[in-house]
Amino acid sequence: MKRLTAILMALSLAFPAWAAAELDVNMEQKEENGQTLTVFSAAEAGAAETTAAPEETPDPAIATANGLIEARFEQTKAAQLTQRAGAEIIQSGETHTLGNVASLVLRWNGTQPDGTAGSAVRALVLDRTTGEEIRLEQLFDDADTAIGAMERIIEDDVLPELSDYMEYSELLPMPRDAYAVDEYGLTVFYPDDSYRYFDEQSGAVQFAWHELAAYIGESSPVYEAAHAQGDMNALADAAEDGRLPGPMTRAAVGQKLGEVLSAYTLLTDPDYTKDSRVYLFEEASLRGWAVEIPKYAETDEAETPISAIRTTRADVCGLTVGKTTKAELTTLLGEPLETRVYDADEAADRMLEAGESLFFALSGRILQAHVDENNVLQCLILRDAIPEALY
């Protein structure tokens with residue numbers, strides 16, 4: 001363990017000597033004496049990790065990035081804490097790269113730097129060309145307007161879904177100092193004394209790129225991610241695999257429910273429609289996403305295959321909830337196999353809004369696109385078959 005501490009101290013003082021170049025962030029999981037540490041380090045893109053000789057001059061971008069990494073994640077402190085009697089540290093991390101943006105997330109459970117026990121998430125977003133931090137406000141043309149819109153989403157969509165039994169659920173005002181980005185959106189992390197899940201983990205809220213695209217102009221470092229669109233071929237390929245393109249990557253139609261419940265954290269007991277049980281999940285990226293199994297399956301719950309995947313918050317290859325119209329759906333997907341109109345009560349029985357469902361054939365599956373009374377897409381459901389017409 002002392003050797004690990006020495007390595008981490010060296011990383012904070014000496015860095016590779018590179019010519020100015022785009023940087024990559026490396027992540028390594030280290031396990032020693034029952035403790036789990038996550039160690040990040042920046043290096044020139046495509047280069048092997050080495051330690052510079054004392055006389056070599058480090059590239060400023062690499063040095064800047066590594067300095068920020070050490071300051072934000074306290075890696076040397078974490079290594080020192082593992083030597084303290086009674087300390088228990090369990091860390092995990094993730095990195096994402098979007099063009100010239102590198103996003104780092106550290107989940108720190110157990111003994112915290114101040115010696116107390118708890119759960120915390122730390123995050124850092126870096127410019128891969130300069131090594132400097134990209135603050136949340138720098139992503140938007142008008143940060144105050146964008147953050148106001150994000151807080152309205154929290155107020156309208158997130159807070160109403162929280163359990164009354166949650167001890168920590170103070171989501172407003174939204175924090176700005178810990179966020180991450182990936183191909184699906186932007187995630188804001190909360191201190192655990194403001195927002196904490198039932199499993200004692202720090203809470204988070206994710207905003208899909210389509211929810212923020214209007215506030216992200218061409219000068220933003222995440223412009224391409226926020227305005228990217230897949231095509232119908234990508235949707236067809238995903239449907240063939242029983243999936244919808246998006247963050248629910250570990251669930252598919254036909255997969256056993258038990259496997260999905262092992263991959264994701266169940267938010268509440270399942271909801272019910274007229275013909276299915278609907279499961280929602282705690283993960284921030286899965287807000288608005290759910291899986292279904294038949295309501296009266298003959299198999300045990302865990303052994304029952306998933307019959308549908310649904311989302312009320314997605315931009316699936318240009319099919320955007322809250323934006324795409326009925327006319328645009330038929331232009332992109334062709335004529336539906338069947339349509340069904342539901343009034344308010346009938347729709348509520350199916351966890352939908354009053355409107356019309358269009359059922360399209362897609363790669364051997366059924367894509368149900370439900371539009372509201374204004375003919376705007378409200379929900380997408382990938383099914384193994386058109387459900388029986390239960391009224």
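The values are calculated or read from the model by the stated rules, or taken from the named source; none is laboratory data. This one's a predicted model, so the numbers in the text were calculated from it and none came from an experiment. We place every Cβ from the backbone using ideal geometry, glycine too, and count neighbours over all the protein chains shown. Accessible surface is based on the protein model in full, side chains and every heavy atom, while ligands, DNA and RNA are left aside. Shrake-Rupley method; radii C 1.70, N 1.55, O 1.52, S 1.80 Å.
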Q | With DNA, RNA and ligands ignored, accessible area of E44 (1.4 Å probe; Å², nearest 10) | A | 50
Q.
Tell me the angle of helix 60-73 to the major Cα principal axis of the chain, expressed in degrees between 0 and 90 and rounded to the nearest ten.
A. 70
Q | Helix axis angle, 2-11 relative to the chain longest principal axis, alpha carbon, degrees | A | 90
Q. What number, rounded to the nearest 500 deg cm²/dmol, is the helix-based mean residue ellipticity at 222 nm of the chain, given -39500 (n - 2.57) per DSSP H run of at least four residues and division by all its residues?
A. -5500 deg cm²/dmol
Q) Looking at the stretch 217-273, which trypsin sites (Lys or Arg not before Pro) are DSSP coil and have at most 15 other C-beta atoms within 10 Å of their C-beta? A) R250
Q: Round to the nearest 10 and give me the degree value, 0 to 90, for the angle of helix 143-153's Cα axis relative to the longest principal axis of the chain.
A: 50
Q. For K30, which lysines qualify as cross-link partners when the Cα separation must be under 24 Å and same-chain residues fewer than eight apart are set aside?
A. K2, K77
Q) Considering only protein heavy atoms, what per residue accessible area in square angstrom results for the stretch 205-250 with a 1.4 angstrom probe? A) 48
Q: Translational diffusion coefficient, Stokes-Einstein: compute it for the stretch 238-308 using the Kirkwood radius over C-alpha pairs as Rh, at 25 °C and 0.890 mPa s, and state it as an integer in µm² s⁻¹.
A: 202
(Q) Per residue, how much accessible surface does the stretch 284-391 expose to a 1.4 Å probe? Answer in Å², no decimals. (A) 44
Q. Is the stretch 68-130 best put as rounded, prolate or oblate by its Cα gyration tensor, with a ≥ b ≥ c the root eigenvalues, rounded for a/c under 1.5, and otherwise prolate when a/b is larger than b/c, oblate when not?
A. prolate
Q) Taking the stretch 88-181, which chymotrypsin sites (Phe, Trp or Tyr not before Pro) meet the DSSP loop condition and have no more than 14 other C-beta atoms within 10 Å? A) Y165
Q) Leaving out ligands, DNA and RNA but keeping every protein chain, what accessible area does T339 have, in Å² rounded to the nearest 10, with a 1.4 Å probe? A) 70
Q) Is the shape of the stretch 230-385 rounded, prolate or oblate, going by the alpha carbon gyration tensor and its root eigenvalues a ≥ b ≥ c, with a/c under 1.5 for rounded and a/b larger than b/c for prolate? A) prolate
Q. For the stretch 120-253, rounded, prolate or oblate, judged on the Cα gyration tensor with a ≥ b ≥ c (square roots of eigenvalues), a/c < 1.5 rounded, else prolate if a/b > b/c?
A. oblate
**Q.** Distance in nm between pseudo-label sites at S219 and A117 (7 Å out along the Cβ direction from Cα)
**A.** 5.0
Q. With charges only on Cβ, +1 for K and R and -1 for D and E, what is the dipole size of the stretch 161-243 about its Cα centre, in debye, rounded to 20?
A. 240
Q | Under 21 Å from K295, Cα to Cα: lysines that are on another chain or at least 8 residues apart | A | K256, K274
Q. Looking only at the stretch 131-148, which residues have a backbone nitrogen under 19 Å from a spot 7 Å from the Cα of N26 in the C-beta direction?
A. 131
Q | Label-point gap, in nm, between S92 and D164 - each point 7 angstrom along Cα→Cβ | A | 3.3
Q: Run the dipole for the stretch 291-371 about the Cα centre, Lys and Arg Cβ at +1, Asp and Glu Cβ at -1, nothing else charged, and hand back the magnitude in debye, nearest 20.
A: 400
Q) Which value, in debye to the nearest 20, gives the size of the charge dipole of the chain about its Cα centre, when Lys and Arg are +1 and Asp and Glu are -1 at the Cβ? A) 760
Q: For the chain, give the percent of accessible area contributed by carbon and sulfur heavy atoms, probe 1.4 Å, rounded to a whole number.
A: 46
